[in-house]
Amino acid sequence: MVVIFRLFFTFFKIGAFTLGGGYAMIPLVQREVVDNRGWIAEREFLDLIALAQSAPGIIAVNTAVFVGYKIAGVPGLLAAVLGAVLPSFCIILLIAMVFTQFSDNPHVEAVFKGVRPAVVALIAAPLYKMAKSAGVTWRNIWVPIAAALLIWKGGVSPVLIIVAAIAVGVIIAAIQTPRE
């Protein structure tokens, strides 16, 4: 039962102090779940993130689902999801109630202009660590760059990129597996 409360408060803390949505939440989840608590190994966490990105829905909720379920089954899943979404729900509800009164305020606009670059940094900073853990090297860095360019500039669906990556991974594994 203690682990359920720890899951809830861990994800509540992450949800309360993450600006920029689900992708900005990933490094905080990794630090708490992998580094600080040791609930999940780093390699397994990367696999969970890949699965969370591939599944339909919000990545923050998907990550909470997978981590919570891995740690404590269905009760852990519910605790992690509730902890992750409750702060955002309360904050958005509060903002919706008062934002229209302050939306044209130059100080409010300045705050949002200041927060945007910080959110980009929160998303960009863990890329190196995740790339290193995922086995990205100078020899294969072209793969994530090509995928990002195909999605960004080429308009290719991320689903198609994921399906193609799965197919290539299966083919490579089949080729490298010794036959009996």
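Electrostatic bookkeeping for Thr18 treats Lys and Arg as +1 and Asp and Glu as -1; over the other residues with beta carbon under 14 Å from its beta carbon, the sum is +1. Here r is the Cβ-Cβ distance between Ile171 and Leu127 and R0 is 22 Å; the resulting FRET efficiency, rounded to 0.05, is 0.25. When you restrict to C-alpha pairs under 8 Å that are six or more residues apart and normalise by the size of the chain, the relative contact order lands at 25 percent.
Within region 84-149, the trypsin sites (Lys or Arg not before Pro) that combine a DSSP coil assignment with at most 13 other C-beta atoms in a 10 angstrom radius are Arg139. Ignoring ligands, DNA and RNA, please state the percent of accessible area on region 45-156 from carbon and sulfur, probe 1.4 Å. For region 45-156, the apolar C and S fraction of the accessible surface comes to 74 percent. Rolling a 1.4 Å probe over the heavy atoms of the protein chains gives the chain an accessible area of 68 Å² per residue. Measuring r between the beta carbons of Lys153 and Arg116 and using R0 = 25 Å, the FRET efficiency lands at 0.70.
When the square roots of the Cα gyration tensor eigenvalues are ordered a ≥ b ≥ c, the ratio a/c for region 48-155 is 1.5 or more and a/b does not exceed b/c, which makes its shape oblate.
Once R0 is set to 30 Å, what does the formula 1/(1 + (r/R0)^6) return for the Cβ-Cβ distance between Ala50 and Val74, expressed as a FRET efficiency to the nearest 0.05? Working from the Cβ atoms, E equals 0.85. A cut-off under 15 angstrom between Cβ atoms defines the neighbours of Leu122, and their net charge, with Lys, Arg +1 and Asp, Glu -1, is +2. Label-to-label distance, Val108 versus Ala164, with points set 7 angstrom from Cα along the beta-carbon direction: 4.3 nm.
The values are calculated or read from the model by the stated rules, or taken from the named source; none is laboratory data. No experiment lies behind these values; they were computed from the predicted model shown. Ideal geometry is used to build each Cβ from the backbone, glycine not excepted, and the neighbour counts take in all protein chains shown. Accessible surface areas use protein heavy atoms only, side chains included; no ligands, DNA or RNA. Shrake-Rupley method; radii C 1.70, N 1.55, O 1.52, S 1.80 Å.
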